[in-house]
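Enquirer: Dropping a structure here in structure tokens format, bear with me for questions.
Where a number appears in this text, it was derived from the coordinates with a stated rule and is not lab data. In this text, all values refer to a predicted model and were calculated from it rather than measured experimentally. No Cβ is skipped: glycine too gets one built from the backbone with ideal geometry, and neighbour counts run over all protein chains shown.
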């Protein structure tokens, strides 16, 4: 499998490597032995992974990994179990980034829209901006 993105998961002493067909391979950080795999619902290439140690209690997880695929889908994965917890609806993401407080920013592929999902409750978009317009608080 060709790896396209890689991160460290300090909670489980693992390395997560995203690749083709919506697959994320989980490796032991000490031996680099393959110990698991996450299969995302979107089978396009995994292009971006971001580890976060701050996720709101509403989702019932202590730490997560945000994954963005070439298809524009964004998923939150439980960093301890490797299970997909949440998919950002209608993300159509070109880029994802965490703010200092670990909230998720999503830049859409159209480049005219930016969405903010707060870490306390990332299932709800609280801000959406469009190029050339005012901020729309939801």
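Enquirer: How do 41-53, 71-83 rank on mean C-beta neighbours within 10 Å, highest first?
Expert: Per-residue mean Cβ counts within 10 Å order the peptides as 71-83, 41-53.
Enquirer: Follow-up. Fewest to most neighbouring Cβ within 10 Å: what's the order for 27, 40?
Expert: 27, 40
Enquirer: Starting from the 7 Å offset along Cα-to-Cβ, what nm value, one decimal, do you get for the label separation of residue 3 and residue 95?
Expert: 2.4 nm
Enquirer: If you don't mind, another one. Just the Kirkwood number for the range 3-137, please: inverse of mean 1/r across all distinct Cα pairs, in Å, one decimal.
Expert: 15.0 Å
Enquirer: Okay, next question. Round to the nearest 0.05 the FRET efficiency obtained for residue 83 and residue 110 when R0 = 30 Å and r is the Cβ-Cβ distance.
Expert: On the way: r = 30 Å, r/R0 = 1.01.
Calculated value: 0.50.
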